[in-house]
Amino acid sequence: MRYFVLLFIFLLNCQDTKSEKNNRAPKSESAIPERNTQKIKTTTEAPFLLSDKNVMEFFLEYDSIHKEDKVRITTDFGNIDIKLFEATKFHRSNFIYLTKKKYFDNTQFYRVINNYIIQGGNSDDQKTLNKRKKIGRYLLPNDHKKGFKHDRGMVSMPSSAVANPYKMASPFEFFIVQQRGGAHHLDGDYAVFGKVIRGMDVVDKIAAVPTDKGDWPQTNVYIRKIEIID
């Protein structure tokens with residue numbers, strides 16, 4: 001399984017390896033066709049698979065009730081606390097929703113580029129794919145007009161790897177800008193939706209781990225859990 005996942009990640013990033021690291025665009029996997037168009041009946045948990053056709057309505061209603069905006073990422077290197085921006089409500093609500101469903105638990109920081117980004121929310125474990133299937137497959141808008149920049153410590157969402165002229169965001173993954181001075185060549189192409197408020201030293205430690213040619217850490221860097229904090 002690890003071989004095929006590494007091969008998949010390598011193919012997605014093969015174009016990146018031909019350029020400087022700072023020009024490597026965060027990427028993620030593609031979306032599948034919509035599976036369900038049921039009318040929303042709850043704001044606590046979707047009673048159907050989320051899809052491109054129902055996700056915006058669902059998270060708009062979810063946002064009106066669930067106002068949590070701080071989360072803690074627990075890793076073997078330490079904790080990273082993140083403040084999610086109210087202005088990017090679809091992305092904040094999505095992250096809170098996935099956190100409450102424990103989607104991120106035991107996923108990994110699977111793409112690490114020192115002095116650039118650390119990217120998490122995926123895994124070489126079949127359980128992660130199974131969790132995604134139970135939630136649904138959808139994209140979120142690239143809400144880059146809120147004025148947030150890819151400064152050091154900002155949390156952003158990679159776009160889908162498929163042909164995607166609007167840079168729609170892949171909801172299951174995220175990246176943290178580790179580059180000193182920021183990675184402002186990403187501004188406008190990706191949705192910044194939060195910032196690290198504690199634990200940038202942990203981000204730096206993760207960014208410094210040895211990686212293979214596909215930027216996957218040679219020793220897996222696990223996200224043990226993500227939880228909501230006050």
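If a residue has to be in contact with a helix residue (DSSP H, G or I) (Cβ under 7 Å, 6 or more places away or on another chain) and surrounded by fewer than 20 Cβ atoms within 10 Å (Cβ to Cβ) to count, how many in segment 118-142 make the cut?
First pass over segment 118-142, keeping only residues in contact with a helix residue (DSSP H, G or I) (Cβ under 7 Å, 6 or more places away or on another chain): 118, 122, 124, 138, 140-141.
Right, trim to surrounded by fewer than 20 Cβ atoms within 10 Å (Cβ to Cβ) and you get 124, 141.
Matching residues across segment 118-142 total 2.
Might you let me know whether segment 152-162 holds any residue that is surrounded by fewer than 24 Cβ atoms within 10 Å (Cβ to Cβ), touching a Gly at 6+ places or on another chain (Cβ under 8 Å) and not in a strand (DSSP E or B)? Yes: segment 152-162 contains one or more residues that are surrounded by fewer than 24 Cβ atoms within 10 Å (Cβ to Cβ), touching a Gly at 6+ places or on another chain (Cβ under 8 Å) and not in a strand (DSSP E or B).
The residue that is surrounded by the fewest Cβ atoms within 10 Å (Cβ to Cβ), counting only those in segment 44-73 that are more than 18 Å from F148 (Cα to Cα) and of a type in the set (K, R), is K67. Filter segment 74-95 down to residues that are in a helix (DSSP H, G or I) and touching a residue at least 40 places away in the same chain (Cβ under 8 Å) and give me whichever is surrounded by the fewest Cβ atoms within 10 Å (Cβ to Cβ). Taking the candidates together, the pick is F90. The combined condition, being within 18 Å of N115 (Cα to Cα) and either aromatic (F, W, Y) or more than 15 Å from the chain's Cα centre (by Cα) (or both), is not fulfilled by D230. K145 satisfies every condition listed in (1) without any contact (Cβ under 8 Å) to a residue 40 or more places away in the chain; (2) within 21 Å of Y62 (Cβ to Cβ) except (2).
With respect to (1) under 19 Å from A207 (Cα atoms); (2) open to solvent by 10 Å² or more (accessible area, probe 1.4 Å); (3) not in a loop (DSSP other than H, G, I, E, B), the lone exception for N115 is condition (3).
Residues being assigned to a loop (DSSP other than H, G, I, E, B), of a type in the set (D, E, K, R) and under 19 Å from S93 (Cβ atoms) are entirely absent from segment 120-133. Among the conditions (1) open to solvent by less than 40 Å² (accessible area, probe 1.4 Å); (2) not in a loop (DSSP other than H, G, I, E, B), H185 misses just one, which is (1). Residue count for segment 204-225 under the criterion of being outside any loop (DSSP other than H, G, I, E, B), open to solvent by 10 Å² or more (accessible area, probe 1.4 Å) and not charged (D, E, K, R): the result is 2.
The values are calculated or read from the model by the stated rules, or taken from the named source; none is laboratory data. Since the model is a prediction, treat every value here as computed from it, not as a measurement. Note: ideal-geometry Cβ built from the backbone for every residue, glycine included; neighbour counts use all protein chains shown. Accessible surface is based on the protein model in full, side chains and every heavy atom, while ligands, DNA and RNA are left aside. Shrake-Rupley method; radii C 1.70, N 1.55, O 1.52, S 1.80 Å.
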